[in-house]
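Everything below concerns the one structure shown next.
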Amino acid sequence: MAGTTHVYAGVAATVGMQHSGTLGGVFRQEAGDKKWEQLKNGLADGAEVHAITVHPKDSDTVYVGSTKGLYRSANRGGKFERLALPDAEADIWSVLVHPKDPRRIYAGASPIMVYRSDDGGESWQDIANGVPSDFGFAMEIDHSDPNTVFIIPLESDEFRCTPEAKLRVYRTRNAGESWEALTNGLPQENAFETVLRDGMSADSLTPMGLYFGTRSGKLFSSNDGGQSWNAIMEGLPAVACVKSAVIKKGAA
C-alpha cells in the first residue's frame, strides 16, 4: 500500500429512509478511482460514523468513532477491532491522536466523557472530571503539548447551549487531572451559544492559535493558547465547521 492515497468517508443512516443495509459505516476510495468500497469487517452493524482519524505517523492505522464505540484498523480499514473503552458502546464523536506522541489519544463521547489513552488505544480512562455539564461536542488538542486539551461543554441534549448562559472554553494542561475555565474576552451573560463538534480548530503555531464558531454566527479566536479571546466575526450563518491553516510568507 506504500505510496497509495486513500479517502475515507463516514456515513450515518438516514432516519425514515428505506435502505438495504449499506448506509452507516465507513467507505474508502483510492485516489483516482471512481469506486467506493464499504469497509465493515469488524464494525458493528448499523454503526453511524462521526469521526475518522488517520494515525499521523502510520497511515495504515485508522481510528473510527461511531454510535457503537471506538474502532481501530491496522490495515487501512481491511479489518476493525473495537477498543476497550470503559463504556464499549459509547457514542464517540471525536478522536484526536497527538502528532508528536501518537500513543496519546483523546476520544470525546456523548454524554460528555473525555477518554484518554497513553498506549495507542490499548487502555483508556475517563478524564472529564471538573467540567460543568454532562453534554458537549467540540474538542481540540495543543499540537505541541500532548497534555493540553480544550473542550466546550453544552447544557444537555435537550438544551444544547452553553451552561449558565456563559461562553466558556475548558482547558486541561495535565492530561485531564484538572480543568480550568477560560473566559477572558468571552461573553459571560446571556450567552446562549452552541458550538458543534467540528466548530473548534487549533493551528500548529507556538503559541497556539485556537478558533471556534457558534450557531449564532459568531467566530472567536485566541492567539495565546486560550488565555484571552477576541470576537473576529459576527453575523455569519450558523457555523458548523472551523478549520485553520498556517500560510507561510511567500507561499503562492
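Assorted remarks:
- For the stretch 1-128, the extents of the C-alpha atoms along the principal axes are 40, 40, 18 Å, listed from largest to smallest.
- Spatially close lysines, pair count over the stretch 1-128: Cα under 21 Å, gap of eight or more or interchain: 6
- Dipole magnitude (debye, nearest 20) for the chain, charges at Cβ of Lys, Arg, Asp, Glu: 820 debye
- Using a cutoff of 8 angstrom between alpha carbon atoms and counting only pairs six or more residues apart, the relative contact order for the chain works out to 9 percent.
- Across q = 0.07, 0.11, 0.14, 0.16 Å⁻¹, the chain modelled as identical point scatterers on its alpha-carbon atoms has Debye log10 I(q)/I(0) values of -0.24, -0.61, -0.99, -1.25, in the order of the q list.
- With contacts taken as Cα pairs under 8 Å at a separation of at least 6 residues, the stretch 98-211 carries a relative contact order of 21 percent.
- Part-to-part distance (alpha-carbon centres) for the stretch 63-85 and the stretch 142-184, which is given in Å: 26 Å
- Of the GluC sites (Glu not before Pro) in the stretch 161-208, those whose Cβ has at most 13 other Cβ within 10 Å and which sit in DSSP loop: 177, 189
- For the stretch 138-246, with +1 on Lys and Arg beta carbons and -1 on Asp and Glu, the positive-most of 188, 245, 172 along the dipole: 245
- Cβ charges +1 (Lys, Arg) and -1 (Asp, Glu), total dipole of the stretch 1-128, debye: 320 debye
- Positive-pole candidate from 120, 130, 38, dipole of the chain, charges at beta carbon: 38
- Residue-by-residue Karplus 3J(HN,Hα) for the stretch 157-170, coefficients 6.51, -1.76, 1.60, Hz, glycine and proline x: 5, 7, 9, 8, 10, 5, x, 6, 6, 10, 8, 10, 9, 9
Bear in mind that the values in this text are calculations on the coordinates, not laboratory data. Only a predicted model underlies this, so the values are computations on that prediction, with no experimental measurement involved. Here Cβ is always computed from backbone atoms with ideal geometry, including for glycine, and neighbour counts include all displayed protein chains.
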